[in-house]
1. Given the Cα-Cα distance of Asp148 and Asp29 and 0.36 nm per residue of separation, how much length would full extension add, in nm?
2. Specify whether the C-alpha gyration tensor of the chain places it in the rounded, prolate or oblate class, a ≥ b ≥ c being the square roots of the eigenvalues: rounded for a/c under 1.5, otherwise prolate if a/b is larger than b/c and oblate if not.
3. At a 1.4 Å probe, what is the % contribution of carbon and sulfur to the accessible area of segment 36-91?
4. Among the lysines, which fall within straight-line cross-link reach of Lys41, defined as a Cα-Cα distance under 16 Å, with same-chain neighbours fewer than 8 residues apart omitted?
5. Suppose all protein chains stay in the model; what accessible area per residue would a 1.4 Å probe give for the chain, in Å²?
Amino acid sequence: HDFVDGECTRCDETQDVPTENPFEDVSEDEFYYDAILWAVKNGITTGTSETTFAPEKTATRAEVITFLWRAKGEPEPTSTHNPFTDVKEGDWYYNAVLWAVSEGITNGTSATTFGPAGVTNRAQVVTFLWRYLDSPDAVAENPFTDVDDAAWYGMPILWAVENGITNGISATEFGVNTNCNRAHMVTFLYQAMN
């Protein structure tokens with residue numbers, strides 16, 4: 001399915017879309033409130049239960065890639081070759097991982113492992129999102145002491161800041177190695193798509 005506003009654009013299927021916030025751990029005054037409800041409404045993610053979202057839980061590599069894949073409409077991977085011993089057919093992230101690798105959004109953590117349960121940091125998530133959106137250019141000046149312009153995450157971070165997708169954790173630090181939680185991941189995607 002490709003759910004938009006609760007209706008599949010491919011068939012007549014409808015999605016049970018929350019009209020109210022179903023999550024006890026998502027407060028209306030939090031920066032991620034609209035992003036989380038948007039993501040749930042559009043089938044990008046669900047909660048960790050019917051009443052919890054776990055916004056502070058660090059996002060795993062499998063979660064981040066699956067969120068992007070669902071936001072894209074769950075496309076079939078262009079290659080069915082699976083080099084990863086830790087990604088099995090039937091895993092909820094299987095098609096998402098194969099799609100992401102075939103689209104150049106990410107690689108494995110090695111030639112034979114993807115690391116689906118591995119935690120993500122801010123640099124990785126912003127880079128995945130940047131690649132997902134076809135690697136747009138950025139012209140922003142780099143204000144961050146922890147961001148090397150020539151690093152693999154340099155352009156993605158400058159692009160994200162320039163386009164209001166995220167800021168640094170301070171005026172001079174991006175927080176490259178800071179873990180990225182579920183709330184931040186969904187908010188980054190929401191800001192990029194809206």
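The values are calculated or read from the model by the stated rules, or taken from the named source; none is laboratory data. Quick caveat, the model's predicted, so the values are computed rather than measured. Note: accessible area is taken over every heavy atom of the protein model, side chains too, but ligands, DNA and RNA are not part of it. Shrake-Rupley method; radii C 1.70, N 1.55, O 1.52, S 1.80 Å.
1. Details: separation 119, 0.36 × 119 = 42.84 nm, distance 3.43 nm.
Result: 39.4 nm gained on full extension.
2. On the way: a/c = 1.64, a/b = 1.14, b/c = 1.44.
Because a/c hits 1.5 or more and a/b fails to exceed b/c, the chain counts as oblate.
3. 49
4. Answer for Lys41, where 16 Å is the Cα cut-off: Lys72, listed by chain and number.
5. Values: 9870 Å² over 194 residues.
Each residue of the chain exposes 51 Å² on average to a 1.4 Å probe.
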